[in-house]
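Below is one structure; the comments refer to it alone.
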Amino acid sequence: MQQKRTKTVDDPIFEVRDTTVSFDMDRGESKVLNEVDIDVERGEVLGVVGESGSGKSMFASALLNAVVDPGVLTGDITFYPESGSAIDLLELSESEIKEVRWEEISMVFQGAMSSFNPTMSIEGHFRETLSAHGYDVEAGMERARELLSDLYLESDQVLGSYPHELSGGMSQRALIALSLVLEPEVLVMDEPTAALDLLMQRSIIQLIQEIADERDLTIVFITHDLPLVANLADRIAVLYAFEFVEVGPAYDVLTEAKHPYTRALLNSTPNLETPREQMRPIDGAAPDPVSVPNGCSYHPRCPVGDETCEHDDPPLDSRTDEGEHVAACHYVDEVSTSVPLTLQEVTVNE
Ligand code: SF4
């Protein structure tokens, strides 16, 4: 693993405050994102990592104000575009938010096939997107060709194809090009490589890195796969039971994790190059959103916890002015001896 530059948040593009997504269910209120606070730095790649059912996808939907009914999104999410005034994303009308999505904040989800209309050529998708947002279509198609080439695709061949004529890796790259054709400032990627084989995943991660650097993009990369994001992210934010439990510069989180859950995630991967098929699951199960344990939500699975943890919920403050590597744990000073990392050698590039 290479050492990434250490990042602090001093020019946030997003400020997320007290943000909750809840569902009213027969069994009770289900909070699938629970009063989260986090800043996203302009130009960074933020890796958001957690097990399935930890709230990762809800965080992605919240950033786009795209939580679907009957989910209720509350809190404050402020977007600071490079030029222009701050935008309170949760106060926008439906038509205003549609403009911000794609034009300012774009998204790529896993499984390109379900994102494309099977009856429309890839070129048709680009033209329709450009025209729906009032962009110059011909200038936009030039950009589309460049983007496809940057993603190592034969642009004319891909534009002339229908989605089913492309391989999984090609269609996912075509979707990334489509998500960037309106030149957004932010790309939210939710498990964008999950349906692909390992080699294709690695190659797409490398392409994402190149594109982010070239275009000064901010990327929020959501994944359950910690090794996948290790070399891509500037910072890593770990979600457990619908809350962030650790946030910090990627290198620090990967080598000096402060939260027992992050350490368990790391120890479930013998080394960062291990394919996810070979990862060992962590003992126990993540909590159901209607019955999150009191106190620290991780205490039923935590080898360190004591009675205090059963009653007192440890705070996490990942805001700009509160330090750069934080964890929600009462015993951050003790976890390094209580939960030793079994991670193999880490290479530091200086
Ligand atoms: S607060 Fe207690 S239970 Fe929670 S992670 Fe820390 S040691 Fe474990």
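The values are calculated or read from the model by the stated rules, or taken from the named source; none is laboratory data. Everything numeric in this text was worked out from a predicted model, so none of it was measured. Every residue, glycine as well, gets a Cβ built from its backbone with ideal geometry; the counts of neighbours run over all protein chains shown.
Brief remarks on what is shown
- Flag if residue 41 is in contact (Cβ under 8 Å) with a residue 24 or more places away in the chain and within 18 Å of the chain's Cα centre (by Cα): yes
- The single condition among (1) within 21 Å of residue 38 (Cα to Cα); (2) more than 16 Å from the ligand (Cβ to nearest atom) that residue 253 does not meet is (2).
- Residue within region 313-333 that is near the ligand (Cβ under 8 Å from one of its atoms), exposed (fewer than 13 other Cβ atoms within 10 Å of the Cβ) and either at pLDDT below 85 or of a type in the set (D, E, K, R) (or both) present: no
- Counting the residues of region 163-197 that are of a type in the set (A, V, I, L, M, F, W, C) and part of a helix (DSSP H, G or I) gives 7.
- Lone unmet requirement of (1) touching a helix residue (DSSP H, G or I) at 6+ places or on another chain (Cβ under 9 Å); (2) under 18 Å from residue 147 (Cβ atoms) for residue 128: (1)
- Some residue of region 239-250 being within 16 Å of the ligand (Cβ to nearest atom), modelled with pLDDT of 90 or more and part of a helix (DSSP H, G or I): no
- If you go through region 61-106 and pick out every residue that is among the basic types (Lys, Arg) and more than 21 Å from the chain's Cα centre (by Cα), you end up with 0.
- Only a single item in (1) assigned to a loop (DSSP other than H, G, I, E, B); (2) modelled with pLDDT of 85 or more; (3) touching a helix residue (DSSP H, G or I) at 6+ places or on another chain (Cβ under 7 Å) is not met by residue 272, and it is number (2).
- Of the set (1) surrounded by 23 or more Cβ atoms within 10 Å (Cβ to Cβ); (2) at pLDDT below 95; (3) more than 26 Å from residue 143 (Cβ to Cβ), all apply to residue 256 but (1).
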